[in-house]
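First up is the structure itself, then whatever we jot down about it.
The values are calculated or read from the model by the stated rules, or taken from the named source; none is laboratory data. Only a predicted model underlies this, so the values are computations on that prediction, with no experimental measurement involved. Ideal geometry is used to build each Cβ from the backbone, glycine not excepted, and the neighbour counts take in all protein chains shown. With ligands, DNA and RNA removed, areas are computed over all heavy atoms of the protein, side chains included. Shrake-Rupley method; radii C 1.70, N 1.55, O 1.52, S 1.80 Å.
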Amino acid sequence: MVFRQFLTYEPETVRISTQSAIAGVLIISDEQFPGWEASMDDRAESILTVENALRGVHLRAGSHMVVSTSDAIAFQPGAA
């Protein structure tokens with residue numbers, strides 16, 4: 001079982017505190033678009049595309065801080 005707490009959930013940043021006894025995949029039910037990056041405990045992680053649409057991150061057992069950020073052009077000031 002994975003326990004998670006969303007600390008930040010904004011258009012460009014998602015911060016999640018997790019705790020799990022086993023490894024797995026943390027699925028963020030937002031669409032996966034180019035420009036998203038992820039880190040776990042301040043170390044870069046690969047973003048997974050889950051079910052052809054959602055973002056995911058491999059989650060190791062233990063307590064972790066997962067941060068997903070976007071520099072997608074859609075979030076840039078003046079982008080249409």
Each label point is 7 Å from the Cα along the Cα-to-Cβ direction; what then is the distance between the points at H58 and Q19, in nm? 2.5
Expressed per residue, the solvent accessible area of the chain in Å² (1.4 Å probe) is about 67
Please report the relative contact order for the chain, taking Cα pairs under 8 Å with a sequence separation of at least 6, and give it as a percent rounded to a whole number. 35
What percentage of the solvent-accessible surface of the chain, computed with a 1.4 Å probe over protein heavy atoms, is contributed by carbon and sulfur atoms? 53
Working from the alpha-carbon coordinates of the chain, get Rg over Rh, Rh being the Kirkwood radius. 0.98
Whole-Hz couplings from phi, Karplus 6.51/-1.76/1.60, listed for region 64-70; x for Gly and Pro: 9, 10, 10, 10, 10, 10, 10
Once you list every other residue whose beta carbon is under 13 Å from the beta carbon of F33, what net charge do they have if Lys and Arg are +1 and Asp and Glu are -1? -4
If amide hydrogens are placed 1.01 Å from N in the peptide plane, which non-local residues have theirs closer than 5 Å to the one on R55? I28, D30, Q32, V50
